[in-house]
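Chemist: Input: one structure, supplied below.
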Amino acid sequence: MKINIRQAKKLFFKNPSLENVFTEAIHNSIDAGASKIDIDIYIDALDKSETLIVKITDNGIGFIDERYEKFCELMNVEEDSHKGVGRLVYLFYFDKISIMSKYEGKQRTFTYDNDFDELHSDMRIINLTENFQETTIVFGDCVLKQLGSYNSIFPEHLRIIILNKLYPILYLMKKNGKELNINIKLEVKTIKKGQHIGKEKQKSLYQTFQLSLLKM
């Protein structure tokens, strides 16, 4: 069944925060059995939100046929804790999401946007010479005119948001002896003259933060 994504995202999400993009993506990575998640955030300048790019890479099982089919169908979920519409939040902030998933000796690539349709997508599968498990999602073409808060992309703030929103899941993972490491990196290419980030003036900004279940 064809679904109007533009209307669906307005129906299910009234005013989502940018942080929801990160927590939704992390939740999906955890569902895919990932034990390592790398989040790289790039922006030319804090007042140039249109240049914001987010790249998230994990070592989960990836977009195997079953998971891709569920991704294509809204509200197709296995458990009550999911509504099956979380990925719609991506399109509130980014017009183009490029996905590359390596699994079982294959590589699946496709673009997720407001016109995404399983029957007319640019999805491609190629065979690889090695059996490698990695999925990378790149969020581009940011539609924000300005960041509501600089905190929305700062690693230390995102760490707190992730812990607050996903704590029950993270707690159960730790209790069951599962491993998870989340690395968050932010690179701001240029800081405007006289602009303060933290306590000192800087020409550029590079921040990194790690969240590990072993340290919780």
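Chemist: Looking at segment 98-132, which GluC sites (Glu not before Pro) are DSSP coil and have at most 11 other C-beta atoms within 10 Å of their C-beta? Working shown, then result.
Modeler: Details: sites: E104, E118, E130; in loops: E104, E130.
Here the GluC sites (Glu not before Pro) that fit, given the DSSP loop and packing criteria, are E130.
Chemist: Report the full-extension gain for the segment R159 to Q210: residue separation times 0.36 nm, less the Cα-Cα distance, to one decimal in nm. Kindly include the intermediate steps, with their values, before the conclusion.
Modeler: On the way: separation 51, 0.36 × 51 = 18.36 nm, distance 0.80 nm.
Result for the pair: 17.6 nm of gain on full extension.
Chemist: Another one. At a Förster radius of 41 Å, what calculated FRET efficiency corresponds to the Cβ-Cβ distance of D44 and E73, to the nearest 0.05?
Modeler: The value I calculate is 0.65.
Chemist: A further question on this structure: Counting other C-beta atoms within 10 Å, which of C142, C72 has the fewest, and how do the rest follow?
Modeler: Result, fewest neighbours first: C72, C142.
Chemist: Taking the Cβ of each residue in V188, V138 as the centre, tally the other Cβ atoms inside 10 Å and list the residues starting with the fewest.
Modeler: Least to most surrounded, the residues fall as V138, V188.
Chemist: Sort Y206, Y93 so that the residue with the fewest other Cβ atoms within 10 Å of its own Cβ comes first and the one with the most comes last.
Modeler: Numbers: Y206 10, Y93 21.
So the ranking, lowest neighbour count to highest, is Y206, Y93.
Chemist: Further question on the same structure: If you take the beta carbon distance between D95 and K174 as r and set R0 to 25 Å, what does 1/(1 + (r/R0)^6) give as a FRET efficiency, to the nearest 0.05?
Modeler: Working: r = 37 Å, r/R0 = 1.47.
Taking R0 as 25 Å, the efficiency between D95 and K174 is 0.10.
The numbers here are math on the coordinates, done by the rules we state, and not lab data. Remember, it's a predicted structure, so these values are computed and weren't measured experimentally. Neighbour counts run over all protein chains shown; Cβ positions are idealised from the backbone, glycine included.
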